Structures are given as C-alpha cells and as structure tokens.
Amino acid sequence: MTAIVVVGAQWGDEGKGKIVDLVAERADVVVRYGGGANAGHTLKVNGQKVVTHLLPSGVLHPSTRCVLGAGMVIDPKVLLDEILELEGRGLSVRGRLTISSRAHATMPFQAAIDRAANAGPRAIGTTGRGIGPTYSDKSARVGVRLGDLVSAARAKPAIEALVEAYRARARAVGAPEPTVDEALAYVEPLMREIQPMLGDASLAVDRALRANERVVFEGAQGTLLDLDHGTYPFVTSSNTVAGGACTGTGIGPTRIDAVFGITKAYCTRVGHGPFPTELHGPAGDSLREAGEEYGATTGRPRRCGWLDLPALRYAARVNGLTALAVTKLDILSGYDEIPVCTKYRIDDAHTSELPVDDLERAEPVFERFPGWKENISKARTLDDLPATARAYIAMIEARVEVNIAMVSVGADRAETIVLGDPFARGR
Ligand code: GDP
Ligand code: IMO
Ligand code: MG
C-alpha cells in the first residue's frame, strides 16, 4: 500500500495536522489537494507548536517532499510567510516543495470582498481568507493561476479582467477599488520567490507512486464542509472529501489505497450552520475550555457538542473510509456519563441517516455511555485506558463499522495509541 488520503470526518479541526504529521514519519511525499489558508493545522512536537495553513503538515519531517495541488487556492503572501517562518526555525522548505502552477492565486481584493460579505442573516461565517471569491472566479473562468503570474507580460492580461470585475464589486460594498498596477506590484516580489517552486504537481505525485514511494494526501476542512456533500450553503467552496484528492492533485482514483478519517471523540464547528448535537451554555463552555477549542486560523471560539454517529457514518460512506483515528479522547475525562447521538428525530419520525435537506430540523436522540475520571494522556496502549474509555472506542468502531487505527490522547506527536496501520485496509 502506498497512497493514503487523510480526511476530516466532521466540520474540520478534527486533529488532521497532528495525525498527518504522525503518519508522515513513514511517508516520502505529503500533498495538500484542496482549500487554502482557511485551514489551520496545529502540530505539537516536544512541546513546540507549529500551525500550518498552506504547507502540508508533513513539512516538519526534513526529508519529506511536499506538494501543493491544482485544487488549492493559494495566497502567495501567506505561503511565503509560512515558508519564511519555518526557515526561521531552521527547517529548509524550498528545495523539497512543488507547487502546482495550475493552483489559483488569491489576491488581496478577493480576501477583502470575502470579509465584506461576511455579515447579515445568510452570512456563512467564513475565515475571511478569500476562499469563496477565489473558487467562484475559478469556476467563472476569470481566475488567475499561479502559473499566469510568472512574468508581467503574462500576468497583466490575466489580472486585468479580474480587477475590472472587482472594481464594481468593491464599489458596491464600499471597499477600496483595486487597480491593475497595484495588483501587479503586489504579486511581482512574491512571485520572484515562489516561481522556482512552481511545477507539475500531478507529474511529481505520479513519479513518486511509480517509484513505489509512500504518498499521503492531506485533506483540509472536513466532510460536512464539502461544497457538494456538506451542509450547504454553510460549507467551504471546495471538495473536501477524499475524492477531492484525485481531482485536486491530478491522479486517478485507482491510485488510492486507503482513506483514513479523523474524528474528535466529540464534535466542534466554527462558523454558522446546522450542528444537531451542539451544547449551549455552561456545558458547551466547559467542553470548549477543556479542549481549548479556539480556531487555529481566526481564533474564533468553536461551537462544541457531543459525538454525532449518523454524521460519522455519513462521513464513512462519502469518503469510503478504511480506518478511523479518534482524537481528543483525553478531553472527555471527568464526565459521569457521555451522551452520544445515535439517531435524529425529525417531526415524529426517527432516522439514523444524515438527512440531505433537513438537518436544521433534526433533533438528536442521545444514548449515554459510562465515563471515566482518570487523566489518560499517558496511555500508549488500549490496556492503559480505563475500561469505560476502551468501551467508548469499541462502541464507535462497532457503530460506524470502520476499524479504529489510532486514538489520540494529547496534542503532542507522542501522545497517541497506535492500534493498526492506516496505510493498510483494516487492521
Ligand atoms: P486540524 O485543522 O484538523 O489539523 O485541527 P486543528 O489543529 O485546527 O485543531 C485541533 C486541535 O486539537 C489542535 O490544537 C491540536 O493541537 C489539538 N489536538 C489534536 N489531537 C489532540 C488530542 O488528542 N488531545 C488534545 N488535548 N489535543 C489535541
Ligand atoms: P481545517 O483544515 C474548520 C469553515 C468556516 C466557515 C466555512 C466557510 O483547519 O479543519 P471559508 O473561509 O472556507 O469560505 O469558510 O468553513 N472552515 C473551517 N472550519 N476548520 C477549517 O479548516 C475550516 N476551513 C473553513 O469557519 O464556516
Ligand atoms: Mg484546523
């Protein structure tokens, strides 16, 4: 087995960064295939914290090659800042990074419109990083790709049409109007640095797979934020599900061997939209404080609630999960009982499937499982866990019908119980 997709099974922030960093220890190449700087992936190694937004979370392993695929939207300034920050920590990045020249560039005026539109009753609560506008412009075929920006001669005609469209939009919301000259002056010094890393990401990954190297595709966001399969319109603007790894990289589905889903032992969501198991008031506050649930990109408090099994089963289906990692089990220490949503009630009917349209009206039906009091962050095998924590994990595995390959009991790379090989199908 050589190629594995790691994907968020909830609304993002499941701990993908920590798990990708861990599996990347055994990988030759780590690929980001979708999203942009809306992602915030936190890595903790020996007490040191790093947050990646655009670079794959395998970047901390100095010999791992990194790829940013065509399906991404890349703000060149954020990317360069991230590279410089890691270089400042003594980690060289440029020589082992391939950036697809087909990835679309996010310009400052696209981020400004995203922020200006982020209010009112239909607001999504976006991260304000220009993600929606950049993907919309790509779909409308007026977007600018990184490869279009390598020289002023190519960049000028590419940028002109986009700037023209944004002048009217900026006027409408009272934002400053962009100009072509300003946009060119902005990208020129950034692209001088980035250009040497541009290349054919599909070819780079294909070559690695042909050489029987191990490739990890790192999903951003989570299944329920997928543009087609999430809680539309409260979603991001890309395909976050495992299938996005193929379209976002330029490799065929037959090349993928395994799909590793990441779920918290409870649920969080940041931004607006339906969240059936959300806890309001002090119960939600205490889960937020215990789990330090504040956005890694925006610092916003995350909404918190209990584990939602119909949503997790849905994630298993739409991603074709071959294994699961359960993170943040340590945060559930201290409860007498842990409620878990096993089905929903909509009007007078019960369903254990995630409804396609009616999630706002779905009321969670909870079963309660015995909790534990012990601090479990030192556990490194299942036997180190209290019996009730083991039973909680076994319950998730049985109800979702996917093998659990890892249980995470702390933010650090080392704070993990490894049960199986996520590169393999099953244990
Ligand atoms: P991502 O976007 O999926 O990579 O997740 P984030 O990094 O946005 O959020 C997950 C947060 O939980 C980060 O602060 C991690 O350091 C932290 N984390 C990950 N796994 C664990 C765990 O098992 N226990 C605890 N206490 N924290 C964890
Ligand atoms: P990682 O990779 C959690 C959410 C935003 C908002 C919606 C649309 O760290 O898990 P966007 O800026 O993408 O247009 O916002 O999606 N969102 C995330 N929530 N984790 C993320 O990334 C997210 N990326 C976007 O909060 O609700
Ligand atoms: Mg995150």
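Mind telling me which of the residues 261, 273 ends up being within 13 Å of the chain's Cα centre (by Cα) and not hydrophobic (A, V, I, L, M, F, W, C)?
Sole residue among the options that is within 13 Å of the chain's Cα centre (by Cα) and not hydrophobic (A, V, I, L, M, F, W, C): 261.
Working only within region 162-212, note down all residues that are β-branched (Val, Ile, Thr) and out of contact with any Pro (no Cβ under 9 Å at 6 or more places or on another chain).
Within region 162-212, 173, 179, 180, 205 meet the criteria.
Restricting attention to region 9-36, report how many residues are within 14 Å of the chain's Cα centre (by Cα), more than 11 Å from ligand 3 (Cβ to nearest atom) and small (Gly, Ala, Ser).
The number of residues fulfilling the criteria is 3.
Identify all residues within region 202-228 that are closer than 20 Å to residue 39 by Cα and not hydroxyl-bearing (Ser, Thr, Tyr); write none if there are none.
216, 217, 218, 219, 220, 221, 222, 224, 225, 226, 227, 228
Taking residue 285 and the conditions (1) among the charged types (D, E, K, R); (2) away from ligand 2 (no atom under 14 Å from the Cβ); (3) buried (at least 17 other Cβ atoms within 10 Å of the Cβ), which numbered condition does it fall short on, given that it satisfies the others?
Condition (3) is where residue 285 drops out.
Can you find, within region 308-333, the residue that is surrounded by the fewest Cβ atoms within 10 Å (Cβ to Cβ) among those that are within 14 Å of ligand 1 (Cβ to nearest atom) and closer than 25 Å to residue 282 by Cα?
333
Could you tell me whether residue 84 is outside the structural domain of residue 321 (by TED's automatic domain parsing), farther than 25 Å from residue 115 by Cα and within 13 Å of ligand 1 (Cβ to nearest atom)?
Judged against the criteria, residue 84 is not a match.
Take the residues in region 122-160 that are in contact (Cβ under 8 Å) with a residue 24 or more places away in the chain and surrounded by fewer than 14 Cβ atoms within 10 Å (Cβ to Cβ); name whichever of them is farthest from residue 109 (Cα to Cα).
The extreme case among them is 122.
Hey, can you tell me all the residues within region 1-29 that are part of a strand (DSSP E or B) and within 13 Å of ligand 1 (Cβ to nearest atom)? Can you show your working first?
Initial filter on region 1-29 (part of a strand (DSSP E or B)): 3-8, 29.
Across region 1-29, the qualifying residues are 6, 7, 8.
Please go through region 209-234 and pick out each residue that is within 12 Å of the chain's Cα centre (by Cα) and either in a loop (DSSP other than H, G, I, E, B) or within 16 Å of ligand 3 (Cβ to nearest atom) (or both).
Within region 209-234, 218, 219, 220, 221, 222, 223, 224, 225, 226 meet the criteria.
Based on what the data block shows, is residue 380 more than 16 Å from ligand 3 (Cβ to nearest atom) and not in a loop (DSSP other than H, G, I, E, B)?
no
Would you confirm, using the coordinates I've provided, whether residue 79 is buried (at least 21 other Cβ atoms within 10 Å of the Cβ) and away from ligand 1 (no atom under 13 Å from the Cβ)? Working first, answer last.
Values: buried (at least 21 other Cβ atoms within 10 Å of the Cβ): yes; away from ligand 1 (no atom under 13 Å from the Cβ): yes.
Yes.
Keeping to region 132-148, report how many residues are assigned to a helix (DSSP H, G or I) and among the β-branched types (Val, Ile, Thr).
Residues that pass the stated criteria total 1.
Assess whether residue 215 counts as being in contact with an Asp or Glu (Cβ under 8 Å, 6 or more places away or on another chain), away from ligand 2 (no atom under 14 Å from the Cβ) and either hydrophobic (A, V, I, L, M, F, W, C) or free of Cβ contacts under 8 Å to residues at least 12 places away in the same chain (or both).
The answer is yes for residue 215.
Scan 163, 187 and give me the residue that is surrounded by 15 or more Cβ atoms within 10 Å (Cβ to Cβ), closer than 23 Å to residue 32 by Cβ and either at pLDDT below 95 or not assigned by TED's automatic domain parsing to the domain that holds residue 297 (or both).
187
In region 322-350, what count of residues is obtained for those that are at pLDDT 95 or above and assigned to a loop (DSSP other than H, G, I, E, B)?
6
The values are calculated or read from the model by the stated rules, or taken from the named source; none is laboratory data. All of these numbers come straight from a predicted model, not from anything done at the bench. Please note: Cβ atoms are built from the backbone with ideal geometry, for glycine as well, and neighbour counts cover all protein chains shown.
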